[in-house]
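The values are calculated or read from the model by the stated rules, or taken from the named source; none is laboratory data. Remember, predicted model here, so these are calculated numbers, not experimental data. Positions of Cβ are generated from backbone atoms using ideal geometry, with glycine treated the same way; all protein chains shown enter the neighbour counts.
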Amino acid sequence: MTRWLSEEEQRTWRAFLHASRALWDTLDRELQRDAGMPHAYYEILVRLSEAPSRMLRMSDLAEATSSSRSRLSHAVARLEEYGWVRREDCPTDRRGQLAVLTDQGFEVLAAAAPGHVEGVRTHLFDQLSPEQAAQLRKISEAMLDHLDPGRALY
């Protein structure tokens, strides 16, 4: 038997859905306008910048960015064209490849980060009280515990 949403649940679901889409669309548009890259490329650069020696196995990078391997491979190919990332063979696994953030890529990320962080602050945190922000984190963590248990967030 279908457990239909109540009117209040339906309103909550739709508000969440539309707010999430609007936030991602806005942040993506701002990154495109200000830094010339989509949010997906920004996230790849961030993940590489936080990794030891600014490099990750392609499979680990795909997992960290919730991308399929083929989608990630295409994105990394574009980032290679820009000179922001390079691929290297994995020394411990001849079949594996590493994605490495170049100095140029790090500079591009460093230039893009302040504007992106300001967008996140303006469009999300400035709209919430500290209590609401804490609740949003707890709600998000509860959802992730159910949908993707054991996944590292940071």
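Answer with yes or no whether Ser53 is over 21 Å from Ala112 (Cα atoms), of a type in the set (S, T, N, Q) and surrounded by fewer than 17 Cβ atoms within 10 Å (Cβ to Cβ). Spelling it out, it is not the case that Ser53 is over 21 Å from Ala112 (Cα atoms), of a type in the set (S, T, N, Q) and surrounded by fewer than 17 Cβ atoms within 10 Å (Cβ to Cβ). Among the residues of segment 76-106, the one identified as exposed (fewer than 15 other Cβ atoms within 10 Å of the Cβ), touching a Gly at 6+ places or on another chain (Cβ under 9 Å) and under 19 Å from Glu50 (Cβ atoms) is Gln104. The residues of segment 114-131 that are without any contact (Cβ under 8 Å) to a residue 24 or more places away in the chain and within 29 Å of Asp34 (Cα to Cα), listed by number, are Pro114, Val117, Glu118, Arg121, Thr122, Phe125, Asp126, Gln127, Leu128, Ser129, Pro130. Within segment 118-131, the set of residues being surrounded by 11 or more Cβ atoms within 10 Å (Cβ to Cβ) and of a type outside the set (Ser, Thr, Tyr) comprises Glu118, Gly119, Val120, Arg121, His123, Leu124, Phe125, Gln127, Leu128.
Take Leu109 and decide whether it is touching a Gly at 6+ places or on another chain (Cβ under 6 Å) and either touching a residue at least 60 places away in the same chain (Cβ under 8 Å) or of a type in the set (Phe, Trp, Tyr) (or both). Criteria not met by Leu109. Among the residues examined, Ser140 does not qualify as exposed (fewer than 13 other Cβ atoms within 10 Å of the Cβ), hydroxyl-bearing (Ser, Thr, Tyr) and at pLDDT 95 or above.
Taking the listed residues Leu5, Leu23, the one that is modelled with pLDDT of 95 or more, within 26 Å of Ile139 (Cα to Cα), outside any helix (DSSP H, G or I) and not aromatic (Phe, Trp, Tyr) is Leu5, with no other qualifying. For segment 53-70, filtered to residues that are among the charged types (D, E, K, R) and without any contact (Cβ under 8 Å) to a residue 24 or more places away in the chain, the residue that is farthest from Pro38 (Cα to Cα) is Asp60.
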